[in-house]
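Worksheet: the structure to be examined is printed underneath.
Only the coordinates and a few stated rules stand behind these numbers; no lab work does. Computed from a prediction, not measured in an experiment: that's the story for all the values here. Reconstructed Cβ throughout: ideal geometry from the backbone, glycine too, with neighbour counts over all protein chains shown.
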């Protein structure tokens with residue numbers, strides 16, 4: 001489907017004839033189909049989903065792996081993906097359940113990272129952490145109640161899987177117990193916590209810091 005303006009713009013970049021003949025609709029029709037937060041620019045295409053990546057395919061990629069435990073806000077996940085791409089994360093792991101689909105609002109917040117960064121869905125997060133440990137990843141849970149601050153240079157010689165908990169609830173008990181260690185971000189007195197996407201950005205910056 002395209003709006004008249006969308007078809008004109010598309011034709012200027014991809015000259016006709018096209019292999020698919022679009023249906024011309026007004027912008028309100030696309031807004032209704034795709035959702036208010038989708039950035040469609042007057043063009044929408046119905047396509048088959050790509051095959052999701054599997055964990056084994058990303059274990060040899062450079063960079064840390066980011067694990068999200070019941071993070072449910074698509075805008076937070078999109079922002080986390082954007083930071084993950086900026087700081088060289090190998091992959092982001094979500095739960096199969098209790099995590100949003102890759103919607104327009106998530107893609108908008110990710111600013112292109114959804115297309116470039118592997119996003120893996122795990123049926124059982126605790127078992128996934130066991131698999132990461134077997135692949136020589138050191139699993140670090142971010143927890144505001146942890147006894148020590150996250151210190152990036154201490155992990156320079158290790159492959160790290162960083163685990164962040166959901167908005168408000170933080171890490172679940174089983175997830176916390178599955179980590180090799182817990183760490184917190186240093187904050188001024190009176191500040192209880194950061195938004196999970198902000199915490200992810202700060203923690204990823206700290207992990208890449210060198211002595």
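A few remarks follow.
- The chain: relative contact order as a whole-number percent, Cα under 8 Å and 6+ apart: 21 percent
- Springs join every pair of Cα atoms under 10 Å in this Gaussian network model of the chain, and among 17, 52, 100 the largest mean-square fluctuation is at 17.
- GNM flexibility winner over the chain from 119, 34, 59 (Cα, springs under 10 Å): 34
- Max mean-square fluctuation residue, GNM over the chain, Cα-Cα springs under 10 Å, options 27, 82, 13: 13
- Relative contact order of segment 1-47, pairs being alpha-carbon contacts under 8 Å that are 6 or more residues apart, as %: 57 percent
- Relative contact order of segment 12-135, pairs being alpha-carbon contacts under 8 Å that are 6 or more residues apart, as %: 26 percent
- The chain: angle of helix 74-86 to the longest principal axis, Cα-based, in degrees nearest 10: 70 degrees
- FRET efficiency for the residue 148 to residue 16 pair, using the beta carbon distance and R₀ = 45 Å, is estimated at 0.15.
- Take every DSSP beta bridge whose two residues both sit in segment 108-211; close to 10 percent of them are antiparallel.
- Shape of segment 146-211, Cα gyration tensor, a/c cut at 1.5: oblate
- Each residue, residue 101 and residue 126, gets one label point 7 Å from its Cα in the Cβ direction; the gap between the two is 3.0 nm.
- Helix 4-13 and the longest principal axis of the Cα set of the chain meet at an angle near 80°.
- Per-residue ellipticity at 222 nm computed for the chain from its helices equals -9000 deg cm²/dmol, with DSSP H segments shorter than 4 residues left out and the rest contributing -39,500 (n - 2.57).
- With Cα atoms, 0 to 90° folded angle of helix 125-134 axis to the chain main axis: 70 degrees
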